[in-house]
Structure formats: structure tokens, C-alpha cells
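The values are calculated or read from the model by the stated rules, or taken from the named source; none is laboratory data. A quick note: this is a predicted structure, and the numbers were derived from the prediction, not measured. Here the Cβ positions follow ideal geometry from the backbone for every residue, glycine too, while neighbour counts run over all protein chains shown. Protein only, heavy atoms only, side chains kept; ligands, DNA and RNA dropped before computing areas. Shrake-Rupley method; radii C 1.70, N 1.55, O 1.52, S 1.80 Å.
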Amino acid sequence: MAKIATLITNMFEDVEYTDPSKAFNDAGHEIFTIEKEAGKEVTGKQGEAVVSIDKGIDDADPNDYDALFLPGGFSPDQLRADDRFVNFTKAFMDAEKPVFAICHGPQLLITAKALEGRDATGYKSIQTDMEYAGAKVVDQEVVVCQNQLVTSRNPDDIPAFNRESLRVLEEYSSK
């Protein structure tokens, strides 16, 4: 099954990490968390989820993973200030590997300049930024672009986000 890199730091939206991660794991996929340093713990903004980091960004190679997962909350905004996370994100888009971004997750895609000409959605407050980045923003629970990029708006959209992310992973794995 797929190896899924997850870029995450403190103040991620708890359920936007925990629910998709559970769905990915239940389907047999492996989740690997990546932050500035391995071994540290990061906490969700609701204080409900604590995640142990598997790899530091300097030791993470996009070529070692099949897909990228970008949970929302304040995490993506913090990570996009660091070019290492932006370049890591861009590598998945350039390689046309599956990318799953929910809520504020697309902020990393905006900074990576990877939304030009793409259909996508995100949290209401970043939709205009996504348009400025060249995306065609669609206000619906899940948007799948070119059977590679899966985006959703908020925690209410998680069931659709999980369903479409798993479908894209299945199709990608069968190539």
C-alpha cells in the first residue's frame, strides 16, 4: 500500500489529521509525519491530538513517499514560512503524485506556486488567495483535480475528503 508523507506542526486542526489518518491506516496505508525534527511531539489546536514526529524535514525525501497529506489548522501557515516544506510540497505536485489538502492545507500549495490552472477548494478565508495563485476555486465539500489533487474546505467535509483520497490512492497504486 501507499506511504503517505504528512507535513504537520503544532496547532494543526486535530480532527483533520486524526480522521483521515485513521482512514488511511484502516485501508492499509502508512502515515509518516514530518516536521522540523524527528522525535518531538506536536499538539493540535484543540488539544485533543498529540502526534509524534517520524522524520525531520532535512531527512525526508519526497521520492520515498507515494502521496502527501496536508491537514489544516494553523500548521500549514507556519510550515510555509520554511522553504524546505514548500519545496517538499512542490516536489509531489511536480511529480504528479497524489496530494490531499484540507481546510488551510492548500496554503502550502499556494506558497509552492502549485495551484496554477488547478480546480481546488479550501477554507473560506484562503479561497481568494487560492484564486490569486491561479486556482479555479470551487465551493464544494471535495474537489478532485486531474485524479491527483484532492482538496476540501473544513472538518464537515472529512467523509467526502477521505472517500476521494482513498479512491485516488487506490487508482494511483494500481498504475
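Structure summary
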item	result
Only listed residue being touching a residue at least 24 places away in the same chain (Cβ under 8 Å) and among the acidic types (Asp, Glu), chosen from Asp94, Asp77, Asp61	Asp77
Among (1) in a strand (DSSP E or B); (2) open to solvent by 10 Å² or more (accessible area, probe 1.4 Å); (3) of a type outside the set (S, T, N, Q) - the single one Phe100 does not satisfy	(2)
Number of positions in segment 112-143 that are open to solvent by 50 Å² or more (accessible area, probe 1.4 Å) and either of a type in the set (Asp, Glu) or outside any loop (DSSP other than H, G, I, E, B) (or both)	11
The listed residue being within 13 Å of the chain's Cα centre (by Cα), in contact (Cβ under 8 Å) with a residue 12 or more places away in the chain and assigned to a helix (DSSP H, G or I), out of Val168, Val86	Val86
The lone exception for Phe32 - which of (1) open to solvent by 10 Å² or more (accessible area, probe 1.4 Å); (2) part of a helix (DSSP H, G or I) it fails	(2)
Qualifying residue in segment 22-41 (condition: touching a residue at least 60 places away in the same chain (Cβ under 8 Å) and farther than 21 Å from Asn154 by Cβ)	yes
Qualifying positions in segment 99-136 - under 17 Å from the mean Cα position of the chain (by Cα) and among the β-branched types (Val, Ile, Thr)	Val99, Ile102, Ile110, Thr111, Thr121, Ile126
Yes/no for Phe74 being open to solvent by 80 Å² or more (accessible area, probe 1.4 Å) and under 15 Å from Ile110 (Cα atoms)	yes
Whichever residue in segment 144-162 is touching a Pro at 6+ places or on another chain (Cβ under 9 Å) and not hydrophobic (A, V, I, L, M, F, W, C) and, among such residues, is most open to solvent (accessible area, probe 1.4 Å)	Asn147
Scan of segment 1-33 for residues that are in contact with an Asp or Glu (Cβ under 7 Å, 6 or more places away or on another chain) and among the β-branched types (Val, Ile, Thr), ordered by number	Ile4, Ile8, Thr9, Thr33
